[in-house]
Amino acid sequence: MTKYIFVTGGVVSSLGKGISAATIGALLQARGYKIKIRKLDPYLNIDPGTMSPYQHGEVYVTDDGAETDLDLGHYERFLGIKLSSKDTISGGKIYWDVLNRERRGDYLGATVQMIPHVTDCIKEYIKSGITDEDFVICEIGGTVGDIEGLIFLEAIRQLANEVGRRNSMFVHLTLIPYIEAAHELKTKPSQQAVKSLLEKGIQADLLLCRSSHPISESDRAKLALFCNLNPKNVIPALDLTSIYKVPMAYAKEQVAERIMEHFGLDEKEIVDLSKWEKIEGYLNAYKKEVTIAVVGKYFEVSDAYKSLNEAIFHAGIANNVKVNVKTIDSQKLEEMNGEDIKEAFKDISGILVPGGFGVRGVLGKMKAIEFARENNVPFFGICLGMQLAVIEFARNVLGIKDAFSTEFDENCKPLICLMETYEKDGKVIQRTKDSDKGGTLRLGAYPCVIEKGSLAYKVYGEDKISERHRHRYELDMSYEKDLVAKGMIISGKSPDKVLPEIVEIKDHKFFIGVQFHPEFQSTPFKPHPVFENFIKASIG
Ligand code: GLN
């Protein structure tokens, strides 16, 4: 029977519930178990697709085009499995579904209520699509005590009761703050968080205690006493320098052993943690360093470029170097000229322009691209970064001074424009600039065919690839001939050759722009080839 592990968080948010949930999955995978992992986000948005990066960090995109919480990125990277729209369950989606069922008359005249109708719907989503998985790990977003979260806690309480306590487990991640003035760790907030869970009918089975300082045996005993736990199930989860150190740290604290014990499972003979040991090896032993610039605009929020930073890190592993990222605010570049720009990119070995939305900062990004193009500095443009690379080239090499994207100026020479019709899953979809913003981008995995002999072909080592998208605008292919004549080729296209996917400049050390988001498919165990080769070119 499939077993359920529910991961909740207490005291404060941002403790790393996603990493903890993914780590639990990794430790069970190391024992040969098959895992499904899902995120429940109680907020009322249908998905985070329309939320600003300042609100919610990055929007992660799955193969099937779901716009999801960035924790799904951690799950895919840690576990090497592909997730889908079924693995991201928001409050908005649940209520939308319940209300639609009500309109259809599915409730046969009943008064529609939080319990059982909303809770049943949540449980249905949690249980959907489970086949032969040994474990389903469900992370509940937010912090215990959030009003939106109450109904989700009620649903998992019911579900645990239905499948039985031997088939379900509650893991609670909490904070043990260190009070500088008293030189002391404080357990009280965690005691209260566990009590708050208990009020909702949920007894935590395992406590993961985030802390900046080692937790003493007596604090462990105290927490166990107040939280109805065996001291063994109070696990120190100390701050680490890399998220990739968490699996080995949890392994040392015997987290998986406690989980196996809870479910009454015998420890496996083979526990294979070798891939995690290898990453630890790299973290402790890289030899060289290289610094690249990332020119963007959402740097105030550390999570806004999550997968991008991860993919850069993975490329470092592949090249056995430490990659330092210098973030450059594109808006500041807008005001700079010649010497200042040279100064900004001094000591930089490569320039990356990531995706983005809106006009703010685009001229600065184009200045960075111009600098990379003219000075033979390795360049990698992603999505908006690719579109701007083409615009920069059209303006400064082809001499089309008003070339731009209709996203930024409706009266420009439209090199990049809105695709009014596009196809997804065999259906033709229409959109205008006034269409709904939610879920109307070109989203998810699309195939791309690469031209043999190109840089992209050398990088990927194959001519048929699939990459994930999240954008609304596309390069107008009628400019292809002019671009090619001056040395910019479109080396990757959709199989019907209608949509551009990859551009590159031939006479350049490394200059590539991709319309998709390769960062979503990079993992530490399988770094993405474009990132890997961009860093390789930057090392020189
Ligand atoms: N704003 C651009 C578009 O919608 C690029 C999007 C992105 O970089 N993800 O096409």
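Given the whole protein assembly as supplied and a 1.4 Å probe, what does the accessible area of residue 520 come to in Å², nearest 10?
10 Å²
Among the listed pairs 188/222; 458/536; 34/232; 39/82, give every one whose C-alpha distance is greater than 19 Å.
Violating the 19 Å limit, Cα to Cα: 34/232.
Give me the net charge for the shell around residue 401: Cβ to Cβ below 13 angstrom, other residues only, Lys and Arg +1, Asp and Glu -1.
Net charge in that neighbourhood comes out at -1.
If ligands, DNA and RNA are left out, what is the accessible area of residue 279 with a 1.4 Å probe, given in Å² to the nearest 10?
Using a 1.4 Å probe on the heavy atoms, I get roughly 10 Å².
Starting from the residue with the highest accessible area, list 75, 460, 54 in decreasing order, probe 1.4 Å.
These residues rank, largest area first, as 54, 460, 75.
What is the percent carbon and sulfur in the accessible area of the chain, measuring with a 1.4 Å probe over the protein chains and ignoring ligands?
50 percent
Would you kindly derive the ³J(HN,Hα) couplings of the range 358-366 from the backbone phi angles with the Karplus curve 6.51 cos²θ - 1.76 cosθ + 1.60 (θ = phi - 60°), listing them in order in whole Hz, with x for Gly and Pro?
Going residue by residue, I get x, 6, 4, x, 5, 5, x, 4, 5 Hz, with x marking Gly and Pro.
Helix 217-226 sits at what angle to the longest principal axis of the chain, using alpha carbons and giving 0 to 90 degrees rounded to 10?
For helix 217-226, the angle is close to 70 degrees.
Determine, for each peptide in 317-329, 14-26, 94-106, the mean count of other beta carbons within 10 angstrom over its residues, then list the peptides with the highest first.
Output ranking for 317-329, 14-26, 94-106: 14-26, 317-329, 94-106.
Quick one, what does Rg over Rh come out to for the chain if you take C-alpha atoms and the Kirkwood Rh?
1.00
What is the distance, in nm, between label points placed 7 Å from the Cα along the Cα-to-Cβ direction at residue 288 and at residue 133?
Once both label points are built, they end up 4.2 nm from each other.
What residues qualify as long-range amide H neighbours of residue 429, i.e. H under 5 Å apart, gap of 5 or more or another chain, H built at 1.01 Å from N?
Distant-sequence amide H within range of residue 429: 422, 423, 424.
Distance between the C-alpha centers of the range 249-321 and the range 98-124? Whole Å please.
41 Å
Give me a comma-separated list of calculated 3J(HN,Hα) values for the range 25-31, in order, Karplus coefficients 6.51, -1.76, 1.60 applied at θ = phi - 60°, integers in Hz, x for any Gly or Pro.
Going residue by residue, I get x, 5, 5, 6, 4, 4, 9 Hz, with x marking Gly and Pro.
Once the other residues with Cβ under 12 Å from the Cβ of residue 508 are scored (Lys, Arg +1; Asp, Glu -1), what is the net sum?
Combined, the nearby Lys, Arg, Asp and Glu give 0.
Read phi for every residue in the range 92-108 and hand back ³J(HN,Hα) as whole Hz from Karplus 6.51 cos²θ - 1.76 cosθ + 1.60, θ = phi - 60°, with x for Gly and Pro.
My calculation for the range 92-108 gives x, 4, 5, 5, 4, 5, 4, 5, 5, 4, 4, 5, 6, x, 5, 8, 6 Hz in order.
What's the angle, to the nearest 10 degrees (0 to 90), between helix 150-163's Cα axis and the longest principal axis of the chain?
Once rounded, one gets 60 degrees.
What is the Cα coordinate range of the range 110-175 on the first, second and third principal axes, sorted by size from largest, in whole angstrom?
In descending order, the Cα extents are 36, 34, 19 Å.
Considering the options 513, 441, 469, tell which one lies farthest towards the positive end of the dipole of the range 375-525, charges being +1 on Lys and Arg and -1 on Asp and Glu at the Cβ, about the Cα centre.
513
How large is the helix-only mean residue ellipticity at 222 nm for the chain, computed as the sum of -39500 (n - 2.57) over DSSP H runs with n ≥ 4, divided by its residue count, in deg cm²/dmol to the nearest 500?
The helix-only estimate for the chain comes to -10000 deg cm²/dmol at 222 nm.
With angles folded into 0 to 90 degrees, how steeply does helix 529-539 sit against the dominant principal axis of the chain? Use alpha carbons for both and round to 10.
With rounding to tens, the tilt is 70 degrees.
Of 346, 186, 306, which has the most accessible area and how do the rest follow, probe 1.4 Å?
346, 186, 306
If you take every residue apart from residue 376 with its C-beta less than 10 Å away from the C-beta of residue 376, what net charge results, scoring Lys and Arg +1 and Asp and Glu -1?
0
The values are calculated or read from the model by the stated rules, or taken from the named source; none is laboratory data. The structure displayed is predicted, hence computed values, not measured ones. Neighbour counts run over all protein chains shown; Cβ positions are idealised from the backbone, glycine included. Side chains are part of the model used for accessible areas, which takes the heavy atoms of the whole protein and leaves out ligands, DNA and RNA. Shrake-Rupley method; radii C 1.70, N 1.55, O 1.52, S 1.80 Å.
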